[in-house]
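Q: I have a structure I would like to understand better, so I am pasting it below and will then ask my questions one at a time.
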Amino acid sequence: MRNEGLGSWPARRARKTPHRTALIHGTTTVTYAALHERTTRLAHALRALGVRRGDRVAYLGPNHPSFLEALFATGLLGALFVPLNTRLADPELAFQIRDSGATVLLHAAARGGDLPGVRTAVEADGPAYEDLLAAAPVLPIDEQVGPDDVGIIMYTSGTTGRPKGAMLTHGNLTWNAVNVLVDQDLIADEIALVAAPLFHTAGLNMLTLPVLLKGGSCVLVGSFDAAATLELVERHRVTFMFGVPTMFDQLTRQPNWPDADLSSLRMLSCGGSPVPTPLIAAYQDRGLTFLQGYGMTEAAPGTLFLDAEHAVSKAGTAGVPHFFSDVRVARPDLAPVEPGEMGEVLVRGPHVMRGYWGLPGESAAAFADGWFRTGDAARIDADGYVTIVDRFKDMIISGGENIYPAEVEDALLAHADIAECAVIGVPDEKWGEVGRAVLVAREGSAPDPHEVLGSLSGRLAPYKIPKSAVVVDALPRTASGKLVKADIRRLHGTS
């Protein structure tokens, strides 16, 4: 088999466990043999549409078997898969399509395929899609793909406001999956509930791909619903779940939470932001413990991992490096810090991206002596456990979604009444953290904060739009003119 990338996974798994269930979606069940056949047919169909090695294929839609079929089919062809966030506004989606150069878009019927820049749009969740597969041959695809070939361009927002496409190779994704298999003890009988979106690195790379590599089953859910989740856990005897703290908190607020049958669950993996202590306690009362970690899209994403054994004794930390991951908390000269000293998190390993798509300068700047510079501040204790302290990049994490203030600030400054602005994160009971806009009016203007925020609708994804805004006379700046975000948070982050 000349293909050593993700595209070969369905064939490799089908020759071992062809009749085992790979995917469950509603009333649809897909075996590994069927996944192999459907992936091969889709690869032929994409080739007939003109997709060749190195081309980019985008996907826009909620969790659905066709997402994974498209991922594997693209990998069979040596093309690059571009998952798009369904929560983005059309202008944001259009930018990523244009930036990646995607020529084919597979999309859910509800989203439509009329985004600018798309040469060919294919509805991927209806009869037309099934007809497309049925008409395609099932002959093997003979395309050489190696571990160093880029398999996915996964977009992550940048501090400059320009989203950047992390180039993840087939090897990056495979090594990340191996890290999960080693550190989380997945078994072949795993039944994973995939309610976290597949277009996010965690839902795809920390849950779905490792389970499929091991030969387990993935129950795909189009969107998270707390009441439905409890029912699905019982019905399918789910053993493994991933979610952000907000999702797990919503489960505990369901009326039937005390009596819900959770006896099948073996692993609860949580990411996106630290798990609050009361939430840990609520699950411990049900005999369940969270597996927590820290990662980033650029590292595919697993970097640090806190196992169940140390969930209490090392609570508040993000754990130690994954098995095939190296992490250093370093001073500006890249020398390791002493225990308790704050420094920047640096990551190195076979799971770390090649660079940013079309941005050689920014790619080079992101690495130092082979280490990826995360921009996140942390401390490390004497036992090697790392605690993430702050975000050098001022990123806001709201319900597991990354929000970069610079992108939102850029949109706010387009308003005719706004002269200056800053976006900060403020605590929120439901989402953990939400954005707040701190605005300075143009001379002679009296902006209405609600109207200013409303003007962002349709231009930014709803989760990126700040939930509150205040108008102030001036923003604190350094002598060189840079905003002092710490002072802004102190002055306007609590009122």
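The values are calculated or read from the model by the stated rules, or taken from the named source; none is laboratory data. Values in this document were obtained by computation on a predicted structure and should not be read as measured data. Neighbour counts run over all protein chains shown; Cβ positions are idealised from the backbone, glycine included.
Q: Any residue at all in the stretch 302-318 that is hydrophobic (A, V, I, L, M, F, W, C), surrounded by 14 or more Cβ atoms within 10 Å (Cβ to Cβ) and under 21 Å from PRO163 (Cα atoms)?
A: No, because not a single residue in the stretch 302-318 is hydrophobic (A, V, I, L, M, F, W, C), surrounded by 14 or more Cβ atoms within 10 Å (Cβ to Cβ) and under 21 Å from PRO163 (Cα atoms).
Q: Would you pick out the residues in the stretch 30-71 that are among the small types (Gly, Ala, Ser), closer than 12 Å to LEU133 by Cβ and in contact with a Gly (Cβ under 8 Å, 6 or more places away or on another chain)?
A: Once the filter is applied, which keeps residues that are among the small types (Gly, Ala, Ser), closer than 12 Å to LEU133 by Cβ and in contact with a Gly (Cβ under 8 Å, 6 or more places away or on another chain), the stretch 30-71 yields only ALA43.
Q: What single numbered condition from (1) within 22 Å of the chain's Cα centre (by Cα); (2) assigned by TED's automatic domain parsing to the domain that holds PRO278; (3) surrounded by fewer than 17 Cβ atoms within 10 Å (Cβ to Cβ) fails to hold for GLY361?
A: (1)
Q: Can you tell which of VAL440, VAL452, VAL426 is among the hydrophobic types (A, V, I, L, M, F, W, C), outside the structural domain of ALA89 (by TED's automatic domain parsing) and within 19 Å of ASN402 (Cα to Cα)?
A: VAL426
Q: Just need a number here: residues in the stretch 315-368 that are modelled with pLDDT under 95 and of a type in the set (Ser, Thr, Tyr).
A: 1
Q: Tell me which residues, restricted to the stretch 332-371, are in contact with a Lys or Arg (Cβ under 7 Å, 6 or more places away or on another chain) and not in a strand (DSSP E or B).
A: VAL337, GLY340, GLU341, LEU359, GLU362, ALA366, GLY370
Q: Further question: Here are the criteria: (1) touching a strand residue (DSSP E or B) at 6+ places or on another chain (Cβ under 8 Å); (2) in the same structural domain as TYR463 (by TED's automatic domain parsing); (3) surrounded by fewer than 22 Cβ atoms within 10 Å (Cβ to Cβ). Tell me which single one ILE403 does not satisfy.
A: Condition (3) is where ILE403 drops out.
Q: A further question on this structure: With the condition kept exactly as written, say whether any residue in the stretch 260-276 is in a helix (DSSP H, G or I), crowded, with 17+ Cβ neighbours inside 10 Å, in contact (Cβ under 8 Å) with a residue 24 or more places away in the chain and at negative phi.
A: no
Q: Restricting to the stretch 310-331, count the residues that are under 18 Å from ASN172 (Cβ atoms), of a type outside the set (A, V, I, L, M, F, W, C) and part of a loop (DSSP other than H, G, I, E, B).
A: Total satisfying the criteria: 2.
Q: Where in the stretch 78-187 are there helices (runs of 4 or more DSSP H), lying fully within it, with 3 or more residues that are surrounded by fewer than 23 Cβ atoms within 10 Å (Cβ to Cβ), within 21 Å of the chain's Cα centre (by Cα) and among the charged types (D, E, K, R)?
A: Filter on the stretch 78-187 gives 90-100.
Q: Okay, moving on. Mind listing just one residue for me: the one in the stretch 212-228 that is within 20 Å of the chain's Cα centre (by Cα) and of a type outside the set (Gly, Ala, Ser) and, of those, nearest to GLN254 (Cα to Cα)?
A: ASP225
Q: Also, I was wondering about something else. Looking at this structure, is THR40 in contact (Cβ under 8 Å) with a residue 60 or more places away in the chain, within 21 Å of the chain's Cα centre (by Cα) and not in a strand (DSSP E or B)?
A: Answer is no for this residue.
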